[in-house]
Amino acid sequence: MPEKRWEFELDGARHAVELEHNTFSGKQSVRADGRLLQSPGGAAGRHAFRIGAHACEVAVAKKGGKYSYDFLIDGVSSTPEQYASEMAEAQTSERMKAMRWWGVIICLAIGVVGNWFNWYWAHSRGYFYDELALLAPAALVLGLYWLVSPKDFVAQYSGISLRMWVVIVIAFLLGFANMYALAHGWY
């Protein structure tokens, strides 16, 4: 009977979560800090509970006749291999590729068309839109970033990386520079 145990520190206190799984009968029991939380049946599934203010989940999956176990805290896997395989699977999925291409196309279109219209209005009518002068270059930079670095498009769903924050800051600094240049007639 497979037994899985996860020990971790959460909010300054040590905790332990245990899963007992009888693969023959399918019976599973989940304990947190020695206290029985659930005793569900079934061969696979997800068992949710809370530890303090944190959402926890024990996941049992059967793939190709073999069971795998994972423990998640606030939606983040405690098994780096599991997280890495899920991320790799998400990056190669056709749906995610299509979403990335649509994101790239929309951001590039907003960036190019928005900058062109603002430049045209500034030179032909004598005014421009501040919001468009800020957002169009930012959208252009984000579209180019997702075009060049496709893995970061998927990774942002699990948390924005430092590199993504740097790109966002650069994008908006470029937008402010564009707004300043238009306001002072530099182009």
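We did not get these values from a lab; they are worked out from the coordinates using the rules stated. What you see is a predicted model; the values in this text were computed from it and never measured. Because the Cβ atoms are built from the backbone with ideal geometry, glycine has one as well, and the counts that use them run over all protein chains shown.
Placing +1 on the Cβ of every Lys and Arg and -1 on the Cβ of every Asp and Glu, with nothing else charged, gives segment 3-78 a dipole about its Cα centre of roughly 380 debye. Taking other C-beta atoms within 10 Å as the exposure proxy, Val113, Val169, Val58, Val141 rank Val169, Val113, Val141, Val58 from fewest upward.
If R0 is 45 Å, the Cβ-Cβ spacing of Tyr120 and Arg14 corresponds to a FRET efficiency of close to 0.10. With the simple spin-label model, which puts each label point 7 Å out from Cα in the Cβ direction, the Trp102 to Lys66 separation comes to 3.6 nm.
Multiplying the residue separation of Glu94 and Ser29 by 0.36 nm and subtracting their alpha-carbon distance yields 19.7 nm.
Rounded to two decimals, what is the ratio between the C-alpha radius of gyration of segment 3-78 and 2.2 N^0.38 Å?
On the way: Rg = 12.2 Å, N = 76, 2.2 N^0.38 = 11.4 Å.
Against the empirical 2.2 N^0.38 Å value, I get 1.07 for segment 3-78.
Sorting Ser77, Ser161 by the number of Cβ atoms found within 10 Å of their own Cβ, with the fewest placed first, yields Ser161, Ser77.
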